C-alpha cells in the first residue's frame, strides 16, 4: 500500500502540490494523468525520495518515505524523463554499476535476463551515448528492475519509445503488477494509461480531481470533463 | 483506510490491506529483495564496513573509468596548472634562485588550487548533464557513501594532476621537491581539497554562474589548507627539518579531519530539492 496524505510542495511562490491525498493498494497499477504543471512529476519525485515535501506524509509499504529514504529506495525502481545512465559506459557497465549500488549479488545472469526482456541484449557492449533515446529508456527500465523492487515508479515511460518498445513496456507492467507489488505511472498517453491501469487518477493544480477504477472511466467523459487539460494528454 | 505496518524487508501479504491488519510474509516467497544494502546505517559489522568500502570504491572507479574514456577532468587540471607555471616563469625571473625559493611554493599550490576548481566544476557538470547524480541518489546507498565515493574520485584526479605538474614545476623552478615530505604535504592537501571541493561543487552545480560561485565560495574555506601547504613547501625547498614544518602539517591534518567529517554531514542535505 502506498499512501499519501495532505502532501504540500511549493517551489518558491509556486504551489505544485496543494494538500494532495492518494492511496494505491498493492498489486495494482495506478496511472496519473493531468496537464503539464499538475504535479505528476513532483509527486513521483517525492515518492522516489528525490524531493522532500514541505508537509504531509508519504508511506510506502509501511515505511515513512520522508524519514527512511534508504529503505524506500531499496524497494522502488524508477524511470524518470531522463534515462540517468552514464553515456561513456557501456550498457553492461551501467547495469553492473547500479547492481553494485543496489547490492545485487552475482548480477551477471540477472542483467542478461533483463536485457533480453527489454530486447537490448545485442547492445550490451555499446556505450549508452550511442543509443537512441528509446533504447536508453529500455535500458533504464532494465535498471529499474535490477533489484526486484516492490514498486515501479514510471514518469512518462512511453516517451521516445517505438511501437515494439511500448509493447515491451506494457508487458513488463503487466508482469510486474502482482500481489505485493505496485506500479505508479504518469503518462500523457491516455490510451496506454487506460490499457495498463487498474485505477486512474487525474491531477489538476496539485490536487486529485478524479480517482476511479480504470474500468469505470469513460474516456469521452474524461476528455470532456478536463477538456483543456486533456488536450495535452 | 487501513494503514500498512509492513516492516523493512517484509512484504504485505496479498489482500493484507483489506482487513486492516499488517500481515507479513517473508520477502523471499515473492522473490523480493531482502538483501543487505551497503551503506545502511543499521548494521555496523565488519561485513557492512567492507561493503561500504566496496561502494565507495565502485563510485570512484566508475568516475575514473569515465575519465579514462573522455579525459575531461585531468586534462583540464593538468593543462591549466602547467599554464599557470609557464605564465609565472615569464613574470618572475626564476633563474634567480632567491626568487624561485620565494615564489615557487606559492605558485605551485595556487596553480593547483585554481586548476583544481576547474576540475571540480567539470566533474559535477558531467554528472548533471545526463542526470546521473539523480540516478545515484535513487539507489539505497547512503548519501555519505556517495560523498566519499565522489570525493575519492576527485582526490584521484587531483593526485594524478599533481603527479603530472610536479616534475614540470621542479624543472621550471629548479627546486628540489621530490622528497618524502612533499608526498605528505600533497596528500594532506588533496584530502582536504577534494572533500570540501566535492561539497561545494555539489552545492554550486545547480547555480547559473557556477564557474564563478565555486571558487568564490570554496577558496576562502580552503585558505588555511593552502597556507599550510605553501608554508610547509617553503620549509621543504629551503631544506628545513620535519620539526620546522610540523606545525603546518598539523594544521593541514586538523583541517582534513574536521572538514572531511563536516563535508560528509553537509553533503546529504544539499542534494535534495
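Averaged across orientations, what area in nm² does the convex hull of the alpha carbons in the protein assembly as shown project?
Working: hull surface 103.5 nm².
Averaging across all directions leaves 25.9 nm² for the Cα convex hull.
Scaled to the compact-protein estimate 2.2 N^0.38 Å, what is the alpha-carbon radius of gyration of segment A:52-211, rounded to two decimal places? Show your work: numbers first, answer last.
On the way: Rg = 16.1 Å, N = 160, 2.2 N^0.38 = 15.1 Å.
Scaled against compact globular proteins, the figure is 1.06.
Using the Kirkwood radius over Cα pairs, work out the Stokes-Einstein diffusion coefficient for segment A:85-148 at 25 °C and 0.890 mPa s, in µm²/s as a whole number.
Value of D from the Cα-based Kirkwood radius: 219 µm²/s.
In whole Å, what is the distance between the alpha-carbon centres of segment A:58-73 and segment B:78-137?
Using only Cα atoms, the two centres lie 43 Å from each other.
Using helices alone, I'd like the mean residue ellipticity at 222 nm for chain A: each DSSP H run of four-plus residues gives -39500 (n - 2.57), total over residue count, nearest 500.
Result for chain A: -9500 deg cm²/dmol, rounded to the nearest 500.
Only the coordinates and a few stated rules stand behind these numbers; no lab work does. Note that this is a predicted model, so its numbers are computed, not measured.
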